[in-house]
Amino acid sequence: MKKYSVLTLGSCSVNILFQPDIQNEFMSSAMSSINVRPPFVLSLAESVQAVRFLRGEKEIAPSLRWLCGLDRESDPSRSKGMLDALDFVFLEPNGAIELKFRGHDLTRFLVDSQLVRPLETISPEAMRATRAWYNQGVMQCNLEVMAEAAALLAPLVEGDDEDAELRRAIILEARPVRADEAMIMEQMRDFVSLVSAPIGVVTYTHQYMPDGRGTEWPPGFINGVIAAAVAHDLPYYEPSKLVQQHGVAFAMKPDRAHYSPEFQPVIARALEQFMLESLDRRGETSPLVGAEQARR
(Lines give C-alpha, C1' and ligand atoms only; values in the text may rest on other atoms or scores of the structure.)
Protein backbone atom coordinates (compact mmCIF):
# COMPACT_ATOMS: atom_id res chain seq x y z
CA MET A 1 0.00 0.00 0.00
CA LYS A 2 1.35 3.39 -0.99
CA LYS A 3 2.40 5.75 1.80
CA TYR A 4 2.19 9.35 0.67
CA SER A 5 5.09 11.60 1.59
CA VAL A 6 3.47 14.51 3.45
CA LEU A 7 4.73 17.85 4.73
CA THR A 8 2.80 19.62 7.48
CA LEU A 9 3.17 23.37 7.90
CA GLY A 10 1.27 24.64 10.90
CA SER A 11 0.93 24.12 14.63
CA CYS A 12 0.18 21.07 16.75
CA SER A 13 -3.26 20.85 15.12
CA VAL A 14 -1.72 19.32 11.99
CA ASN A 15 1.52 18.04 13.48
CA ILE A 16 -0.50 15.55 15.54
CA LEU A 17 -0.69 13.51 12.33
CA PHE A 18 2.77 12.14 13.02
CA GLN A 19 2.70 11.67 16.76
CA PRO A 20 3.90 8.19 17.74
CA ASP A 21 0.48 7.04 18.96
CA ILE A 22 -1.34 8.08 15.77
CA GLN A 23 -1.67 5.32 13.19
CA ASN A 24 -1.43 6.60 9.63
CA GLU A 25 -2.48 4.14 6.98
CA PHE A 26 -1.62 6.27 3.98
CA MET A 27 0.79 8.98 5.17
CA SER A 28 4.40 9.32 6.26
CA SER A 29 6.20 12.45 7.40
CA ALA A 30 8.47 13.81 4.70
CA MET A 31 10.65 15.42 7.37
CA SER A 32 11.35 12.05 9.00
CA SER A 33 13.11 11.01 5.80
CA ILE A 34 15.80 13.59 6.59
CA ASN A 35 15.68 12.97 10.36
CA VAL A 36 14.32 16.34 11.46
CA ARG A 37 11.01 17.33 13.01
CA PRO A 38 8.26 19.05 11.00
CA PRO A 39 8.24 22.86 11.09
CA PHE A 40 6.15 24.51 13.80
CA VAL A 41 4.93 27.65 12.09
CA LEU A 42 1.93 29.89 12.65
CA SER A 43 1.66 32.61 10.02
CA LEU A 44 1.58 32.19 6.26
CA ALA A 45 4.73 34.30 6.11
CA GLU A 46 6.50 31.72 8.31
CA SER A 47 5.35 28.88 6.04
CA VAL A 48 6.69 30.69 2.97
CA GLN A 49 9.96 31.31 4.82
CA ALA A 50 10.20 27.66 5.90
CA VAL A 51 9.86 26.39 2.33
CA ARG A 52 12.36 28.91 1.03
CA PHE A 53 14.80 27.82 3.70
CA LEU A 54 14.26 24.12 2.98
CA ARG A 55 14.80 24.82 -0.73
CA GLY A 56 18.08 26.59 0.02
CA GLU A 57 16.75 29.96 -1.13
CA LYS A 58 16.93 31.69 2.27
CA GLU A 59 19.64 31.53 4.90
CA ILE A 60 18.68 31.29 8.56
CA ALA A 61 21.46 30.91 11.12
CA PRO A 62 21.24 27.78 13.31
CA SER A 63 21.01 30.05 16.37
CA LEU A 64 17.77 31.52 15.01
CA ARG A 65 16.16 28.51 13.32
CA TRP A 66 14.44 27.23 16.45
CA LEU A 67 12.65 30.56 16.86
CA CYS A 68 11.51 30.33 13.24
CA GLY A 69 9.88 26.99 14.01
CA LEU A 70 12.60 24.99 12.26
CA ASP A 71 14.77 22.15 13.50
CA ARG A 72 18.28 23.38 14.31
CA GLU A 73 19.64 20.43 12.35
CA SER A 74 17.70 21.17 9.18
CA ASP A 75 20.01 21.01 6.16
CA PRO A 76 18.77 22.53 2.87
CA SER A 77 21.23 20.37 0.95
CA ARG A 78 19.14 17.36 2.01
CA SER A 79 15.67 18.90 2.22
CA LYS A 80 15.58 20.12 -1.39
CA GLY A 81 15.24 16.54 -2.64
CA MET A 82 12.61 15.84 0.01
CA LEU A 83 10.50 18.76 -1.24
CA ASP A 84 10.77 17.57 -4.83
CA ALA A 85 9.42 14.15 -3.80
CA LEU A 86 6.43 15.39 -1.82
CA ASP A 87 3.00 13.93 -2.51
CA PHE A 88 0.96 16.40 -0.43
CA VAL A 89 1.28 19.48 1.78
CA PHE A 90 -1.02 20.37 4.67
CA LEU A 91 -0.95 24.15 5.09
CA GLU A 92 -2.54 25.44 8.29
CA PRO A 93 -2.27 29.23 8.70
CA ASN A 94 -2.70 29.77 12.43
CA GLY A 95 -3.05 33.54 12.66
CA ALA A 96 -2.47 36.89 11.02
CA ILE A 97 0.09 38.21 13.50
CA GLU A 98 3.63 38.05 12.13
CA LEU A 99 6.74 38.80 14.18
CA LYS A 100 9.57 40.35 12.16
CA PHE A 101 13.23 40.40 13.18
CA ARG A 102 16.13 41.39 10.94
CA GLY A 103 14.55 40.05 7.77
CA HIS A 104 13.17 36.89 9.36
CA ASP A 105 9.70 35.80 10.46
CA LEU A 106 9.82 34.47 14.00
CA THR A 107 7.23 32.10 15.44
CA ARG A 108 5.58 34.29 18.06
CA PHE A 109 4.54 31.44 20.33
CA LEU A 110 8.12 30.15 20.54
CA VAL A 111 9.55 33.59 21.20
CA ASP A 112 7.04 34.14 23.98
CA SER A 113 7.20 30.71 25.61
CA GLN A 114 10.93 30.05 25.29
CA LEU A 115 12.49 33.51 25.46
CA VAL A 116 10.19 36.09 27.04
CA ARG A 117 7.89 34.26 29.45
CA PRO A 118 10.70 32.62 31.48
CA LEU A 119 11.66 36.13 32.64
CA GLU A 120 8.35 36.56 34.46
CA THR A 121 9.57 34.67 37.53
CA ILE A 122 12.18 37.34 38.31
CA SER A 123 9.77 39.84 39.83
CA PRO A 124 6.16 41.05 39.75
CA GLU A 125 7.27 43.89 37.47
CA ALA A 126 8.87 41.41 35.11
CA MET A 127 5.70 39.34 35.07
CA ARG A 128 3.63 42.36 34.10
CA ALA A 129 6.17 43.32 31.44
CA THR A 130 6.29 39.85 29.85
CA ARG A 131 2.52 39.77 29.55
CA ALA A 132 2.37 43.32 28.21
CA TRP A 133 5.13 42.60 25.67
CA TYR A 134 3.22 39.67 24.21
CA ASN A 135 -0.49 40.22 24.88
CA GLN A 136 -0.66 43.92 24.12
CA GLY A 137 2.56 44.44 22.20
CA VAL A 138 2.70 41.46 19.85
CA MET A 139 -0.90 40.29 19.63
CA GLN A 140 -2.41 43.78 19.43
CA CYS A 141 0.53 45.28 17.49
CA ASN A 142 0.97 48.02 20.10
CA LEU A 143 4.56 49.16 19.50
CA GLU A 144 4.54 51.69 22.33
CA VAL A 145 3.62 49.09 24.95
CA MET A 146 6.05 46.63 23.41
CA ALA A 147 8.97 49.11 23.57
CA GLU A 148 8.22 50.03 27.17
CA ALA A 149 8.10 46.39 28.24
CA ALA A 150 11.23 45.53 26.23
CA ALA A 151 13.23 48.26 27.98
CA LEU A 152 12.51 46.51 31.28
CA LEU A 153 12.92 42.93 30.06
CA ALA A 154 16.06 43.06 27.91
CA PRO A 155 18.43 43.86 30.82
CA LEU A 156 17.04 40.85 32.69
CA VAL A 157 18.51 38.43 30.12
CA GLU A 158 21.66 37.10 31.75
CA GLY A 159 24.95 36.46 30.00
CA ASP A 160 27.27 38.20 27.58
CA ASP A 161 27.64 35.51 24.94
CA GLU A 162 26.17 35.59 21.42
CA ASP A 163 23.04 33.73 22.47
CA ALA A 164 22.27 36.23 25.24
CA GLU A 165 22.91 39.12 22.90
CA LEU A 166 20.54 37.61 20.35
CA ARG A 167 17.82 37.15 22.95
CA ARG A 168 18.11 40.75 24.09
CA ALA A 169 18.08 41.95 20.50
CA ILE A 170 14.89 40.02 19.73
CA ILE A 171 13.11 41.48 22.75
CA LEU A 172 14.16 44.98 21.75
CA GLU A 173 13.91 44.83 17.96
CA ALA A 174 11.19 42.33 16.98
CA ARG A 175 8.13 44.03 15.51
CA PRO A 176 4.63 42.62 14.98
CA VAL A 177 2.71 43.00 11.73
CA ARG A 178 -0.94 42.09 11.24
CA ALA A 179 -1.47 40.55 7.81
CA ASP A 180 -4.61 41.85 6.13
CA GLU A 181 -6.60 40.02 3.45
CA ALA A 182 -4.45 41.45 0.64
CA MET A 183 -1.28 40.22 2.36
CA ILE A 184 -2.79 36.79 2.99
CA MET A 185 -3.75 36.55 -0.68
CA GLU A 186 -0.22 37.52 -1.76
CA GLN A 187 1.42 35.12 0.68
CA MET A 188 -0.78 32.27 -0.54
CA ARG A 189 0.29 33.07 -4.08
CA ASP A 190 3.94 33.00 -3.01
CA PHE A 191 3.48 29.69 -1.26
CA VAL A 192 1.79 28.07 -4.25
CA SER A 193 4.63 29.25 -6.50
CA LEU A 194 7.19 27.53 -4.25
CA VAL A 195 5.51 24.13 -3.89
CA SER A 196 4.92 21.76 -6.79
CA ALA A 197 3.05 19.14 -4.73
CA PRO A 198 -0.73 19.32 -4.18
CA ILE A 199 -1.67 21.59 -1.27
CA GLY A 200 -4.57 21.26 1.14
CA VAL A 201 -5.43 24.20 3.37
CA VAL A 202 -6.62 23.51 6.92
CA THR A 203 -8.35 26.32 8.82
CA TYR A 204 -7.43 27.06 12.42
CA THR A 205 -9.77 27.89 15.28
CA HIS A 206 -8.14 29.77 18.15
CA GLN A 207 -10.46 28.43 20.84
CA TYR A 208 -13.94 26.98 21.26
CA MET A 209 -16.82 28.16 23.40
CA PRO A 210 -18.53 25.49 25.53
CA ASP A 211 -21.43 25.42 23.04
CA GLY A 212 -19.07 24.63 20.16
CA ARG A 213 -18.73 28.05 18.60
CA GLY A 214 -15.21 28.80 17.49
CA THR A 215 -13.23 31.99 18.04
CA GLU A 216 -10.46 33.36 15.84
CA TRP A 217 -7.83 36.06 16.09
CA PRO A 218 -8.04 38.48 14.52
CA PRO A 219 -11.74 38.38 13.56
CA GLY A 220 -12.22 37.54 9.90
CA PHE A 221 -8.92 35.67 9.59
CA ILE A 222 -10.50 32.32 8.69
CA ASN A 223 -12.58 33.87 5.93
CA GLY A 224 -9.44 35.50 4.58
CA VAL A 225 -7.66 32.15 4.49
CA ILE A 226 -10.60 30.46 2.78
CA ALA A 227 -10.84 33.27 0.22
CA ALA A 228 -7.13 32.89 -0.56
CA ALA A 229 -7.49 29.12 -0.89
CA VAL A 230 -10.45 29.44 -3.26
CA ALA A 231 -8.66 32.13 -5.31
CA HIS A 232 -5.75 29.74 -5.86
CA ASP A 233 -7.91 26.66 -6.52
CA LEU A 234 -6.82 24.96 -3.32
CA PRO A 235 -9.08 22.57 -1.41
CA TYR A 236 -9.68 23.47 2.20
CA TYR A 237 -10.87 21.66 5.30
CA GLU A 238 -12.57 23.14 8.37
CA PRO A 239 -11.89 21.00 11.47
CA SER A 240 -14.30 23.15 13.50
CA LYS A 241 -17.22 21.36 11.87
CA LEU A 242 -15.91 18.01 13.04
CA VAL A 243 -15.38 19.41 16.55
CA GLN A 244 -18.98 20.63 16.59
CA GLN A 245 -20.18 17.26 15.34
CA HIS A 246 -18.49 15.38 18.19
CA GLY A 247 -18.96 18.06 20.83
CA VAL A 248 -16.40 20.22 22.59
CA ALA A 249 -16.42 18.09 25.75
CA PHE A 250 -15.17 15.09 23.77
CA ALA A 251 -13.05 16.82 21.14
CA MET A 252 -11.12 19.35 23.18
CA LYS A 253 -8.94 19.47 26.28
CA PRO A 254 -10.23 21.62 29.18
CA ASP A 255 -8.51 24.68 27.68
CA ARG A 256 -10.78 24.25 24.62
CA ALA A 257 -7.80 25.15 22.44
CA HIS A 258 -6.13 21.76 21.93
CA TYR A 259 -7.53 18.44 20.76
CA SER A 260 -8.15 15.81 23.41
CA PRO A 261 -6.22 12.52 23.20
CA GLU A 262 -9.50 10.74 22.37
CA PHE A 263 -10.24 13.10 19.48
CA GLN A 264 -6.76 13.16 17.96
CA PRO A 265 -7.18 9.86 16.07
CA VAL A 266 -10.56 11.09 14.82
CA ILE A 267 -9.20 14.33 13.38
CA ALA A 268 -6.16 12.49 12.02
CA ARG A 269 -8.42 10.13 10.05
CA ALA A 270 -10.46 13.07 8.78
CA LEU A 271 -7.35 14.88 7.59
CA GLU A 272 -6.09 11.73 5.94
CA GLN A 273 -9.40 11.35 4.12
CA PHE A 274 -9.28 15.00 3.10
CA MET A 275 -5.86 14.39 1.57
CA LEU A 276 -7.06 11.33 -0.36
CA GLU A 277 -10.13 13.16 -1.69
CA SER A 278 -8.01 16.17 -2.62
CA LEU A 279 -5.62 13.95 -4.57
CA ASP A 280 -8.54 12.18 -6.26
CA ARG A 281 -10.15 15.45 -7.30
CA ARG A 282 -7.00 17.43 -8.06
CA GLY A 283 -7.79 20.11 -10.58
CA GLU A 284 -11.28 20.96 -9.33
CA THR A 285 -11.83 24.53 -8.16
CA SER A 286 -14.71 23.90 -5.77
CA PRO A 287 -13.94 23.52 -2.03
CA LEU A 288 -13.61 19.93 -0.83
CA VAL A 289 -14.53 18.47 2.51
CA GLY A 290 -13.32 15.33 4.24
CA ALA A 291 -15.48 12.26 4.44
CA GLU A 292 -16.06 12.82 8.15
CA GLN A 293 -17.81 16.09 7.30
CA ALA A 294 -19.52 14.79 4.19
CA ARG A 295 -21.35 12.12 6.20
CA ARG A 296 -23.09 14.75 8.34
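The values are calculated or read from the model by the stated rules, or taken from the named source; none is laboratory data. Values in this document were obtained by computation on a predicted structure and should not be read as measured data. Cβ: placed from backbone, ideal geometry, glycine included. Neighbour counts: every protein chain shown.
Observations
- Segment 1-23, residues that are modelled with pLDDT under 90 and under 25 Å from Val225 (Cβ atoms): Cys12, Ser13, Asn15, Ile16, Leu17, Phe18, Gln19, Ile22
- Just one residue in the set Arg168, Arg189 is more than 16 Å from the chain's Cα centre (by Cα) and not assigned by TED's automatic domain parsing to the domain that holds Ala151; that residue is Arg189.
Residues are listed down the side, and each one gets a yes or a no for (1) buried (at least 18 other Cβ atoms within 10 Å of the Cβ); (2) closer than 17 Å to Ser13 by Cα; (3) modelled with pLDDT of 95 or more; (4) within 18 Å of the chain's Cα centre (by Cα):
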| site | (1), (2), (3), (4) |
| --- | --- |
| Glu216 | yes, yes, no, yes |
| Val225 | yes, yes, yes, yes |
| Ala228 | yes, no, yes, yes |
| Tyr236 | yes, yes, yes, yes |
| Pro239 | yes, yes, yes, yes |
| Met252 | yes, yes, yes, no |
| Arg281 | no, no, no, no |
| Glu284 | no, no, no, no |
| Pro287 | no, no, no, no |
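- Top-ranked residue of segment 139-191 - restricted to ones that are in contact (Cβ under 8 Å) with a residue 24 or more places away in the chain and of a type in the set (Asp, Glu), ranked as nearest to Ser47 (Cα to Cα): Asp190
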